[in-house]
1. In the set D69, D108, D92, which member is acidic (D, E) and either at pLDDT 95 or above or in contact with a strand residue (DSSP E or B) (Cβ under 9 Å, 6 or more places away or on another chain) (or both)?
2. How many of the residues in the range 111-132 are of a type in the set (S, T, N, Q) and farther than 19 Å from F78 by Cβ?
3. Would you confirm whether or not the range 111-119 contains a residue that is assigned to a loop (DSSP other than H, G, I, E, B), open to solvent by less than 50 Å² (accessible area, probe 1.4 Å) and farther than 16 Å from G13 by Cα?
4. Quick check on my filter: what residues within the range 123-172 are open to solvent by 60 Å² or more (accessible area, probe 1.4 Å) and within 16 Å of the chain's Cα centre (by Cα)?
5. What is the residue count in the range 38-60 for residues that are open to solvent by 30 Å² or more (accessible area, probe 1.4 Å) and at negative phi?
6. For K31, which of the numbered conditions (1) in a loop (DSSP other than H, G, I, E, B); (2) touching a strand residue (DSSP E or B) at 6+ places or on another chain (Cβ under 7 Å); (3) of a type in the set (K, R) fails to hold?
7. Which residue is surrounded by the most Cβ atoms within 10 Å (Cβ to Cβ), if the candidates are limited to the range 66-110 and must be assigned to a helix (DSSP H, G or I) and among the charged types (D, E, K, R)?
8. With the condition kept exactly as written, say whether any residue in the range 28-36 is among the basic types (K, R), at pLDDT below 95 and surrounded by fewer than 17 Cβ atoms within 10 Å (Cβ to Cβ).
Amino acid sequence: MREYKIVVLGSGGVGKSAVTVQFVQGIFVEKYDPTIEDCYRKQIEINGVQCMLEILDTAGTEQFTAMRDLYMKNGQGFVLVYSITSQATFNDLHELRDQILRIKDASDVPMVLVGNKCDLEDERVVSKDQGQTLSKHFACTFMEASAKLRVNVQEIFFDLVRQINKKVSDKPKRVTKEKKPCTLL
């Protein structure tokens, strides 16, 4: 079974844990308890293939940013989450994405941009157009989600796995030379 390392990133309070727990356990975590780091495993089936997701729910608070380099180095796909009710959380994503690309030393990394809390339409500050524009700039998928109402939660992770699979299948295969037995003289 193929394993996938997915990292969920974003500012504090955007709902990273709520989205992750809703996906993995099917429950909505109502109260905000700042995360240091939580790791979840979930087996899913995509296109008839069993996949094991290892999802790292990271800290959004500044005091834990030093741990981010390691997450980013080991992650294969990234969920960048902001709250549609906070412009600052949206603005923070530029720096996160730049850091991912720098650490991965790549220009194209599997990524999904998520505008969470779409159930709070009356408190919206970040428009859907802003999210779509940023996703075009990032060259990644964009979805608005609600961990509370389970809107697009599963789709976020399924889309990311498909992106990882596509990236792996697009890589040129290395040609290995036939090994000849060596002779000691």
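The values are calculated or read from the model by the stated rules, or taken from the named source; none is laboratory data. Note that the structure is a prediction, hence the values are computed from the model and not measured. Note that each Cβ is placed from the backbone with ideal geometry, even for glycine, and that neighbours are counted across all protein chains shown. For the accessible areas, the whole protein counts, side chains as well, though only heavy atoms, and no ligand, DNA or RNA atoms are used. Shrake-Rupley method; radii C 1.70, N 1.55, O 1.52, S 1.80 Å.
1. Only one candidate qualifies: D92.
2. 2
3. no
4. A139, Q154, E155, R162, K166, K167
5. Residues flagged as open to solvent by 30 Å² or more (accessible area, probe 1.4 Å) and at negative phi within the range 38-60 amount to 11.
6. (2)
7. So, considering only residues that are assigned to a helix (DSSP H, G or I) and among the charged types (D, E, K, R), the one surrounded by the most Cβ atoms within 10 Å (Cβ to Cβ) is R97.
8. Looking through the range 28-36, at least one residue is among the basic types (K, R), at pLDDT below 95 and surrounded by fewer than 17 Cβ atoms within 10 Å (Cβ to Cβ).
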